[in-house]
Structures are given as C-alpha cells and as structure tokens.
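The values are calculated or read from the model by the stated rules, or taken from the named source; none is laboratory data. For clarity, every value in this text was computed on a predicted model and none was experimentally measured. FYI the Cβ positions are ideal-geometry reconstructions off the backbone, even for glycines, and counts take in every protein chain you see.
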Amino acid sequence: MAATAPIPAARPVATPVPVSWRELSPFLVFGGLIALLALYFVGAEEGATSMVGGVNIHEWVHDARHLLGFPCH
C-alpha cells in the first residue's frame, strides 16, 4: 500500500477592513499636535519664548536640538 499525504485543511482568509478618513482624522490631528509640541520644546523652549522657567527643558532636549540642526550655543 502506498502512503498518501494528508490533505491540508483550508484556512480562512483575512480580509482587510477599510478605514475611512473620518475615523482616522482624530488620530492624525492628535499626532500632529503632539509633533508640533515636541518641535516647540526641541526648537524654541529657551530664552524669550520660554513657557517654563529655568533651563531644565533645554537640558533634556539638548542633544535633539543638535541632531535636528537647531542652533544652541
């Protein structure tokens, strides 16, 4: 008798669910605001435009300033 290979069982196929721009827009707006806030703290949080007193924020983001090309000192 010849041995036969087992027949593989059919697997269900995952179908992607479309996401509308209306559902995605709150996340995009939130992400954009967070990115702008991060850009402010990295690029402009010191001196006359400072919202937070002291130099703590500047010291925390000091290396990011140099990485992104912002003048620092």
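Condition first: polar (S, T, N, Q) and either touching a residue at least 60 places away in the same chain (Cβ under 8 Å) or surrounded by 10 or more Cβ atoms within 10 Å (Cβ to Cβ) (or both). Now tell me which residues in the range 15-48 satisfy that.
Ser25
In the range 49-73, which residue that is β-branched (Val, Ile, Thr) and in a helix (DSSP H, G or I) is surrounded by the most Cβ atoms within 10 Å (Cβ to Cβ)?
Ile57
Scan the range 52-73 and report the pairs whose first residue is closer than 9 Å to Val42 by Cα and whose second residue is among the basic types (Lys, Arg) and modelled with pLDDT of 80 or more, with Cβ atoms within less than 9 Å and a gap of 6+ or a chain change.
Every condition considered, the pairs that remain are His58/Arg65.
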